[in-house]
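Let me begin by presenting the structure, written as structure tokens, before commenting on it.
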Amino acid sequence: TTAANLERFTVNFTITNLPYTSDLENPDSAKFRATQRVMNTLVDRLLKGSSIGPVFQGCETTDLRPGSHRDETQVDAVCTYSKEPSAAPLDRVGLYHQVSNKTRGITQLGPYSLDKDSLYVNG
């Protein structure tokens, strides 16, 4: 796979049971890195099991931000997949619905509770 074939898309969601703390502001902090590893693993597992699974390369959590309540943390991830020149563009809506189904209607990701209105795929 050449770099030219790699396409990126974003996934954003809010965790309602991960209080945002100042350590999460700092990408070099142990807490940020640990949270980033967990999020990368959970989102990767989710997308590997979706329709883009065969071409899915992985996600990198790029930002953790405070949510609208103090127990919430917003997660921004950039995901990569290899796009064959003949392949259709990423089906954001279809992928959104698959992620919704795999997270119990956007309520659960592993041990985390999600804000059901917080999921965005490439939007």
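List of remarks:
- Phi to ³J(HN,Hα) by Karplus 6.51 cos²θ - 1.76 cosθ + 1.60 over region 25-39, Hz, x for Gly, Pro: 6, 9, x, 8, 6, 4, 5, 4, 5, 5, 5, 4, 4, 4, 4
- Amide H contacts of E72 (H built 1.01 Å from N, in plane; Pro and chain starts excluded): Y20, G67 sit under 5 Å, all sequence-distant by 5 or more or on other chains.
- Estimated 222 nm signal from helices in the chain, with DSSP H stretches of n ≥ 4 weighted -39500 (n - 2.57), rounded to 500: -8000 deg cm²/dmol
- Apportionment of accessible area to carbon and sulfur, region 5-122, percent (1.4 Å): 48 percent
- Neighbours of P27, meaning other residues whose beta-carbon lies under 15 angstrom from its beta-carbon, give a summed charge of -2 when Lys and Arg score +1 and Asp and Glu score -1.
- Structure-derived mean projected area of the Cα convex hull in nm² - corresponding label in (i) 9.0; (ii) 11.7; (iii) 7.5: (iii)
- Relative contact order of region 5-122, taken over Cα pairs closer than 8 Å and 6 or more residues apart, is 40 percent.
- Averaged per residue, the chain has 56 square angstrom of accessible surface, using a 1.4 angstrom probe with ligands and nucleic acids left out.
- Residues with amide H under 5 Å from that of S113, placed H, sequence gap 5 or more: T16, N17
- Along region 62-70 the Karplus relation, 6.51 cos²θ - 1.76 cosθ + 1.60 evaluated at θ = phi - 60°, assigns HN-Hα couplings of 9, 8, 10, 10, x, x, 7, 10, 6 Hz to successive residues, with x for each Gly and Pro.
- Judged by the mean number of other Cβ atoms found within 10 Å, the most tightly packed of the peptides 55-68, 24-37 leads the ranking 55-68, 24-37.
- Inter-centroid distance (Cα atoms) of region 3-43 relative to region 76-122, Å: 15 Å
- Basic side chains Lys and Arg get +1 at the Cβ, acidic Asp and Glu get -1 at the Cβ, and with that the dipole of the chain about its Cα centre reaches some 320 debye.
- Rounded to the nearest 20 debye, dipole of region 6-62 from Cβ charges on Lys, Arg, Asp, Glu: 200 debye
- Bridge orientation summary for the chain: considering DSSP beta bridges with both residues in this region, about 100 percent are antiparallel.
The values are calculated or read from the model by the stated rules, or taken from the named source; none is laboratory data. Values in this document were obtained by computation on a predicted structure and should not be read as measured data. Glycine gets a Cβ as well: all are built from the backbone with ideal geometry, and neighbour counts include every protein chain shown. For accessibility, only protein heavy atoms count, side chains too; no ligands or nucleic acids. Shrake-Rupley method; radii C 1.70, N 1.55, O 1.52, S 1.80 Å.
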